Amino acid sequence: MQNPIAQYTHWLHTQWPAGVPEKGPEIQENGLTNLPGVRIVGDLTGVPLLKFSADTGAKAVLAFLEEKGFEKQSSKTDVDVAIIGAGVSGISAAIEAKKAGLTFCVLEAQQAFSTIKNFPRRKPIYTYPTDMEPAGSMRFKSEVKEDLIEELESQRDEFEIKTRTAEVQAIQDQGSHRILKLKGQKDLTAQRVVIAIGRTGNFRKLGVEGESLEKVSNRLIDPREFGGKKVLVVGGGDSALEAAISMAEEGATVALSYRRAEFQRPKPENIEKIEELQKAGSLTLLMASTIKKITDDRVFIDQNGASLSLENEYVFSLIGREPPLEFFRRSGIKISGERSLKFWFTLAISILIFGFIYHWKGYTNILGIPGTNLWQIFDQKDIFPFNLGIIRDQGSFLQTLTQTAQTRPDFWYTFVYSAVIVIFGIKRIRSRKTPYIKRQTLSLMAIQVLPLFLLPYIIFPYMGALGAFTNGGVGEWFGMTFLSNGPGTQPDQYWRAFGFILAWPLFVYNIFTDAPLWGWLILGFIQTFVIIPLIVFKWGKGAYCGWICSCGAMAETLGDGHRHKMPHGPFWNKLNMLGQSILAIAMILLVWRLLGWTVGGWFAQTFNSALDKLPVANYKYLVDLWLAGVLGYGLYFHFSGRAWCRFACPLAALMHIYARFTKFRIFADKKKCISCNACTTVCHQGIDIMNFANKGKGMEDPECVRCSACVHVCPTGTLNFGSYGKDGKPQLEELWASPVQQSEAALEQTPIDEYMKRAAKRVS
């Protein structure tokens, strides 16, 4: 029996899937890489669909034509554009190069369209999205392998695209041009390079005795050859399932072995067909099984601890390929998830920089060492070399503003913080053009600028200078209730206004006071235990984290380009529980504070030391300064902008508990899901969204912050925000978050409410 902590951890987080995105080259917008003049297209961009492959190939060449310094038909290099790979994306790029009058060369180690030609006979071809028109001239109509090959070869012949047999071992950047190092051949020089090789690295190995026998193969060409044979297929993807189906239909005795208890990625129709064949007795399904040994006439399998021995004539190991990572490493192209010495060095520098900023901003001695308060060392007189007294004489507003700027380092910090959110928020709106992104980003920008900057640093100080909080009436009541330290003190603690937006226990200092501030105690209770639970119940945790919180505002704007850096996997899901520990500390402090007010004595005497007076071991220094500040932003450009939000924020940890009871979900139309893993890759909360989507299950991991990245990047428009209605059926939100769905509805001239009603029926 599990201990209570393990049970709680499982209930809250670890029961959910924890898939890890596959390693591959780091690709920026439009296929750009860190290697100048080199773009990656096709399957390696993360979308294994023919139309997207053709689209990316054509767009890469069109982008080269717009680049500064690119010369058409240059005599300085062998070719203008070198295209590595003669698949769909490579030939699409070659067609556009031909049309543009460029000199080019298509390099292919095997044969044109080799991946498609190696598909099983009569394999169905998916050309989704049906309404998509790829950039360039390449088009598709065929629905099976043989017809598609004929169609592709016809288009290649029409544009007279020739290929050269060559294996490219590396690319070298020479400033104005690139050098392609060819195996056994003379180097080739090109101004620009298109990498269109797909995921054509080495086949993954089973790592068992007998894998090298002749009867073991990594691909199936013609299933008719195996009629009446005893065949084992190993794998759980579409290729494995389709191979098993095709051979079973040709009369083979087929066993399908998969290491997991349930399928993770195949198309629903393939899973349904496998189950039909199993019920009909045409196929044996061995879930949660691993291959132990292969001999000439048998295979030995472990299934849930039981040993099986099957008669066998052929084994197909269809467990995928490794991306050609060594090629990218030799070329100096960054690989996602790999940590170089430069990575750790820049991470250390980043932490040092933010360590300085947050110690300066927080008026705090470094590590509790007296005399190391950075605000005092870098005195405001040194920061402001001009005589601001000149400005002070020009009016009370400017006087208030300049006095605040001179005496509060957090003014400048918050000013820059707000400016960054606005600048990168505008960039986000321009680059991700959906109504959802626009409204969400405007909400985050407005809340950061108005109640979290102007109100505490400009509006309230100016009102205070005019006597608004000391002249009686509602103003004085408001000032003494929310902007003072209790009776007998001045209503000039304008920083307390952060509490109107940042609820306890994210912002604790309006609650953990020497004497109880009843206004904040009542408001804080309503915020944390009434309002937030209600909005989480209806719209999910992201209603606060993704639309209101200042941490979320920075993560969704400045952090938008770093979301793919969040680590995924079971270990990181367990680390989510760090936030529960910090929440527990905040709860202990709350009880401690309440006992100090009611019982007094030791509780009252020791509380402040526990909060912020011990040199280092206190909540303010460890949680606010180090976890939320130094590490939260020091890890920003290396581990995504949501490291603090996901792992350590105590308010997020509390909302995770609330979110276990929410009706909010990310729903999926599973028939559209192609298991490309793009949704999981961009989730900066580490959620394995694809694992829910390809099963058609509503995503219920409480980590979700409604950023919409998964919905936005899905190439087939599979995902939607929504919630379960009173009838238990999905009700999808009528606000476009998917550009694919938005485009489909526009082509159909379908109103959003009608489109979402139809989609809701499909996901029910």
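If we keep just the residues of segment 592-627 that are modelled with pLDDT of 80 or more and touching a Ser or Thr at 6+ places or on another chain (Cβ under 9 Å), which is most open to solvent (accessible area, probe 1.4 Å)? Here the answer is K620.
Entry remark, segment 281-302: residues being outside any strand (DSSP E or B) and either under 25 Å from Q264 (Cβ atoms) or among the basic types (K, R) (or both) number 3 in total.
Taken as a whole, the structure places C683 among residues that are in contact with a Cys (Cβ under 7 Å, 6 or more places away or on another chain) and in a loop (DSSP other than H, G, I, E, B).
Answer yes or no as to whether G686 is of a type in the set (G, A, S), at pLDDT 90 or above and within 25 Å of L578 (Cα to Cα). Yes.
Within segment 9-44, take every residue that is without any contact (Cβ under 8 Å) to a residue 40 or more places away in the chain and more than 24 Å from K68 (Cα to Cα) and give me the one that is least open to solvent (accessible area, probe 1.4 Å). Result: Q15. Restricting attention to segment 237-252 and to residues that are touching a Lys or Arg at 6+ places or on another chain (Cβ under 6 Å) and open to solvent by less than 20 Å² (accessible area, probe 1.4 Å), the residue that is nearest to S675 (Cα to Cα) turns out to be I245. None of A82, A60 is aliphatic (A, V, I, L, M), out of contact with any helix residue (DSSP H, G or I) (no Cβ under 9 Å at 6 or more places or on another chain) and open to solvent by less than 20 Å² (accessible area, probe 1.4 Å) except A82. Among the residues of segment 492-540, those identified as among the small types (G, A, S) and in a helix (DSSP H, G or I) are A497, G499, G519, G524.
When I501, I548 are screened for being open to solvent by 40 Å² or more (accessible area, probe 1.4 Å) and under 25 Å from L735 (Cβ atoms), only I548 passes.
Could we say that I674 is touching a residue at least 60 places away in the same chain (Cβ under 8 Å), assigned to a loop (DSSP other than H, G, I, E, B) and out of contact with any helix residue (DSSP H, G or I) (no Cβ under 8 Å at 6 or more places or on another chain) here? So I674 fits the description; yes. Filtering segment 49-80 to residues that are under 21 Å from D187 (Cβ atoms) and out of contact with any Cys (no Cβ under 8 Å at 6 or more places or on another chain) leaves F64, F70, E71, Q73, S74, S75, K76, T77, D80.
Scanning segment 22-53 for residues that are under 18 Å from the mean Cα position of the chain (by Cα), outside any helix (DSSP H, G or I) and of a type outside the set (D, E, K, R) gives G24, P25, I27, Q28, G46, V47.
Between R224, R260, the distinction of being in a loop (DSSP other than H, G, I, E, B), open to solvent by 30 Å² or more (accessible area, probe 1.4 Å) and of a type outside the set (V, I, T) belongs to R260 only. Could you figure out which of (1) in contact with a helix residue (DSSP H, G or I) (Cβ under 6 Å, 6 or more places away or on another chain); (2) surrounded by 16 or more Cβ atoms within 10 Å (Cβ to Cβ); (3) closer than 22 Å to A503 by Cα isn't true of L589? It fails just one condition, (1). Among the residues in segment 429-437, are any modelled with pLDDT of 90 or more, surrounded by fewer than 17 Cβ atoms within 10 Å (Cβ to Cβ) and among the hydrophobic types (A, V, I, L, M, F, W, C)? No, the conditions are met nowhere in segment 429-437.
Yes/no per residue for (1) within 25 Å of D80 (Cα to Cα); (2) over 33 Å from the mean Cα position of the chain (by Cα); (3) at pLDDT 95 or above:
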| position | (1), (2), (3) |
| --- | --- |
| Q169 | yes, no, no |
| H177 | yes, yes, no |
| G184 | yes, yes, no |
| G207 | no, no, no |
| G227 | no, yes, no |
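For segment 70-79, how many residues meet the condition of being of a type outside the set (F, W, Y) and either in contact with a Gly (Cβ under 9 Å, 6 or more places away or on another chain) or open to solvent by less than 30 Å² (accessible area, probe 1.4 Å) (or both)? Final tally of qualifying residues: 5.
Please determine, by comparing only the residues of segment 697-745 that are aromatic (F, W, Y) and assigned to a strand (DSSP E or B), which one is farthest from A678 (Cα to Cα). Per the criteria, the residue is Y724.
Results for (1) farther than 25 Å from R178 by Cβ; (2) modelled with pLDDT of 90 or more, shown as yes or no for each residue.
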| site | (1), (2) |
| --- | --- |
| M1 | yes, no |
| T14 | yes, yes |
| E22 | yes, no |
| N30 | no, no |
| P48 | yes, no |
| K51 | yes, no |
| T56 | no, yes |
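Exactly one residue out of S708, S723, S738 is hydroxyl-bearing (S, T, Y), over 21 Å from I548 (Cα atoms) and open to solvent by less than 30 Å² (accessible area, probe 1.4 Å), and it is S738.
For segment 187-204, filtered to residues that are in contact (Cβ under 8 Å) with a residue 24 or more places away in the chain and open to solvent by 40 Å² or more (accessible area, probe 1.4 Å), the residue that is farthest from A94 (Cα to Cα) is R204.
For G561, state whether it is part of a helix (DSSP H, G or I), modelled with pLDDT under 95 and surrounded by fewer than 21 Cβ atoms within 10 Å (Cβ to Cβ). When the stated conditions are applied, G561 passes them.
Every listed requirement among (1) within 33 Å of the chain's Cα centre (by Cα); (2) loosely packed, with under 15 Cβ neighbours inside 10 Å is met by E311 save one, (1). On the stretch given as segment 156-166, residues that are in a loop (DSSP other than H, G, I, E, B) and open to solvent by 90 Å² or more (accessible area, probe 1.4 Å) total 2. Kindly provide the set of residues from segment 167-185 that are part of a loop (DSSP other than H, G, I, E, B) and at negative phi, ordered by number. E167, Q174, S176, H177, K183, Q185, listed by residue number. When G641, G717 are checked against the criterion of being more than 15 Å from P17 (Cα to Cα), touching a helix residue (DSSP H, G or I) at 6+ places or on another chain (Cβ under 6 Å) and surrounded by fewer than 23 Cβ atoms within 10 Å (Cβ to Cβ), G717 stands alone in meeting it.
The values are calculated or read from the model by the stated rules, or taken from the named source; none is laboratory data. Nothing here was measured: the structure is a model prediction, and the numbers come from that model. Positions of Cβ are generated from backbone atoms using ideal geometry, with glycine treated the same way; all protein chains shown enter the neighbour counts. Calculation scope for accessible area: heavy atoms of the full protein, side chains included, ligands and nucleic acids excluded. Shrake-Rupley method; radii C 1.70, N 1.55, O 1.52, S 1.80 Å.
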